[in-house]
Amino acid sequence: MDSDQSNLPKHVAVVMDGNGRWAKARFLPRLVGHHRGVEAARKVIKACSKAGVKCLTLFAFSSENWRRPADEVSGLMSLFMTALEREAEGLIRNQVRLNFIGDRSAFSPALQDKIYSVEQQTQHCTGLQLLVAANYGGRWDIVQATQQMCLAVQQNTLNPEQISETTFTQYLSTAAYPEPDLFIRTGGEQRISNFLLWQLAYTEFYFSNKLWPEFDEQALQEAFNEYAKRQRRFGMTDDQLQTSAGS
Ligand code: IPE
Ligand code: IPE
Ligand code: MG
């Protein structure tokens, strides 16, 4: 991977899409695609660690994915369990700190315990911050933040007049992390699918036609190269940015 650190995204958020189509094209069950998807995720985690990315968010299961056939949903739940069991050691070895975002209360008690235990085991890690979005929805995040703020108002610990964008951000599940710089979606679809809604306000978007199980270190590097060429203006003009870069 390129060692040039300038213009490397600090936070990369990925919609890992295309596992099902990858399997279907090979006349395999969709779940085989999901298993291959875990392998692709492992490679991308390693590559991000190596490149010096600070934070990586992977969309593993959306709040809408419960609508899938029951056998696929239960297969995904077992896969999360086994992946956590198998990957914990490697995460620690690579100094990856894992945290989940999303409404975990919908998961089985055993899976919730496993998530909590791997989070605890990796909290001392000082390398890549890995966020796994599971039973996550961008709208859910905004609603749960609003609920928490309303409770704080009720308890007199928050004054409604003082609610600002910064306050709101502090109640989101991503409060402890910077906003994503680069959004990657594989699988050819060009949509957000209720991923991070608030947080993507100024993120650069990159779409790949590769199906997630095919997405590798080289494909990631291509996304980084494309990102490095973008000019992020945050509402300003090109001239303003040139002037401040030169000063
Ligand atoms: C993404 O792959 C993984 C999950 C949503 C869990 P898909 O399963 O959506 O794959 P396609 O889009 O059907 O190919
Ligand atoms: C988004 O992919 C969710 C994840 C990758 C986990 P989907 O495949 O569920 O998105 P839609 O349904 O095509 O929008
Ligand atoms: Mg899909």
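Remark: segment 189-197, residue by residue, has Karplus-estimated 3J(HN,Hα) of 7, 10, 8, 8, 6, 6, 6, 4, 8 Hz, where x stands for each Gly or Pro and the curve is 6.51 cos²θ - 1.76 cosθ + 1.60 at θ = phi - 60°.
For segment 121-233, the extents of the C-alpha atoms along the principal axes are 52, 37, 26 Å, listed from largest to smallest. Compared with the alpha-carbon gap, the fully stretched path from THR243 to GLN148 is longer by 30.0 nm at 0.36 nm per residue. When only Cα pairs below 8 angstrom with a gap of at least 6 residues are kept, segment 1-124 shows a relative contact order of 24 percent. For segment 1-117, the share of alpha carbon pairs falling in successive 10 Å distance bins from zero is 11, 41, 34, 12, 1 percent. Scattering from segment 59-109 was approximated by placing one identical point on each alpha carbon and applying the Debye formula without solvent; log10 I(q)/I(0) at 0.22, 0.31 1/Å stands at -0.94, -1.31. Here the label points at LYS46 and THR157, each 7 Å from Cα along the C-beta direction, are separated by 4.3 nm in the simple model.
Sorting ASP239, ASP113, ASP141 from the fewest to the most surrounding beta carbons within 10 angstrom yields ASP239, ASP113, ASP141.
Taking a sphere under 14 Å around the Cβ of GLN95 and counting the other residues whose Cβ falls inside, with K and R at +1 and D and E at -1, yields a net charge of +3.
Residues MET236, MET81 in ascending order of nearby Cβ atoms (within 10 Å, fewest first): MET236, MET81.
A simple count of charges around THR126, restricted to other residues whose Cβ falls under 12 Å of its Cβ and scoring Lys, Arg +1 and Asp, Glu -1, yields +2. Here the ratio of the Cα radius of gyration of the chain to 2.2 N^0.38 Å is 1.06.
Report relative contact order for segment 153-247 in percent, whole number only (criteria: Cα-Cα under 8 Å, sequence separation at least 6). Here the relative contact order equals 23 percent.
The lysines within cross-link reach of LYS54, meaning a Cα-to-Cα straight distance under 19 Å and a gap of 8 or more places when in the same chain, are LYS10, LYS43, LYS46. Think of it as helices only: each DSSP H run of n ≥ 4 in the chain is worth -39500 (n - 2.57), and spread over all residues that comes to -14500 deg cm²/dmol at 222 nm. For segment 89-138, the equivalent ellipsoid built from the Cα gyration tensor has semi-axes of 21, 13, 7 Å, listed from largest to smallest.
Neighbour counting of Cβ atoms within 10 Å sorts the residues ASP181, ASP238, ASP103, fewest neighbours leading, into ASP238, ASP103, ASP181.
Just so you know, all these numbers are worked out from the coordinates, no wet-lab data involved. Remember, it's a predicted structure, so these values are computed and weren't measured experimentally. Positions of Cβ are generated from backbone atoms using ideal geometry, with glycine treated the same way; all protein chains shown enter the neighbour counts.
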